[in-house]
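Peer 1: Below is the structure I would like to discuss, written out as structure tokens.
The values are calculated or read from the model by the stated rules, or taken from the named source; none is laboratory data. Because the structure is predicted, anything quoted here is derived from the model rather than measured. Positions of Cβ are backbone-derived with ideal geometry, glycine not excepted, and every protein chain shown enters the neighbour counts. Accessible surface is based on the protein model in full, side chains and every heavy atom, while ligands, DNA and RNA are left aside. Shrake-Rupley method; radii C 1.70, N 1.55, O 1.52, S 1.80 Å.
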Amino acid sequence: MEKQEQISMNNDLFDVLLSLRSREDCRILLEDLCTVKEVEQMAQRIRAASLLKQGCTYSDVMASTEISSATLSRVSRCLKYGEGYKRFVK
């Protein structure tokens with residue numbers, strides 16, 4: 001697939017996400033777009049980011065969310081160097 005086509009498809013996804021107006025809209029879309037496990041993993045990452053922002057330790061976060069240490073490390077790295085968790089996770 002050409003890079004421009006991938007960019008176009010990504011933009012289609014972004015546009016659909018921007019059109020969501022409620023939790024119900026989000027739930028309905030995610031049920032079609034993702035597996036149950038994928039939604040659970042995304043929710044787990046959001047909760048882990050929130051707990052890290054609150055000052056919880058890795059051990060506390062892992063016990064609370066059952067997230068793997070590798071995934072928690074990635075969440076922590078994104079929280080430190082990325083923009084999304086900082087901007088959108090409380």
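Peer 1: Using a probe radius of 1.4 Å on heavy atoms only, what accessible surface per residue do you get for the chain? Whole Å² is fine.
Peer 2: That works out to 80 Å² per residue.
Peer 1: Turning to a different aspect of this structure: Treating the beta-carbon of each Lys and Arg as +1 and of each Asp and Glu as -1, no other charges, what is the dipole magnitude of the chain about its Cα centre, to the nearest 20 debye?
Peer 2: 640 debye
Peer 1: Right, another one. I'd like the accessible area for ASP60, computed on protein heavy atoms only with a 1.4 Å probe and all protein chains in place. Round to 10 Å², please.
Peer 2: Approximately 80 Å² for this residue.
Peer 1: Taking segment 1-72, which GluC sites (Glu not before Pro) meet the DSSP loop condition and have no more than 16 other C-beta atoms within 10 Å?
Peer 2: Taking segment 1-72 and a limit of 16 other Cβ atoms within 10 Å, the loop GluC sites (Glu not before Pro) found are GLU2, GLU66.
Peer 1: Which number gives the lysine pairs in the chain that have C-alpha atoms under 27 Å apart and are eight or more places apart or on different chains?
Peer 2: Pairs that pass both the separation and distance tests number 8.
Peer 1: Tell me which label goes with the value of Cα extents along the principal axes in Å computed from the coordinates here: [x] 35, 32, 21; [y] 41, 30, 22; [z] 50, 29, 19.
Peer 2: [y]
Peer 1: On a C-alpha basis, how far is the centre of segment 1-21 from the centre of segment 43-65 in Å? Whole number, if you could?
Peer 2: Centre-to-centre distance over Cα atoms comes out at 30 Å.
Peer 1: Then there's this: What distance in nm separates the two pseudo spin-label positions at CYS26 and SER73, each 7 Å out from Cα along the beta-carbon direction?
Peer 2: 2.9 nm
Peer 1: In the chain, if the dipole is taken from +1 on Lys/Arg beta carbons and -1 on Asp/Glu beta carbons about the Cα centre, which of ILE7, GLY55, ALA70 is farthest to the positive end?
Peer 2: GLY55
Peer 1: Here's a follow-up. Which distance in nm do the two modelled labels at ASN11 and CYS34 give, with both placed 7 Å along the Cα-to-Cβ direction?
Peer 2: With each label placed 7 Å out from Cα toward Cβ, I get 2.5 nm.
Peer 1: Shifting gears a bit: Only sites in a loop by DSSP and with at most 16 other Cβ atoms within 10 Å count here; which trypsin sites (Lys or Arg not before Pro) in segment 1-81 make the cut?
Peer 2: Hits after loop and neighbour filter: ARG21.
Peer 1: Taking all protein chains in place and a 1.4 Å probe, what share, in percent, of the accessible surface of the chain do carbon and sulfur account for?
Peer 2: About 53 percent, which is the carbon plus sulfur part of the accessible surface.
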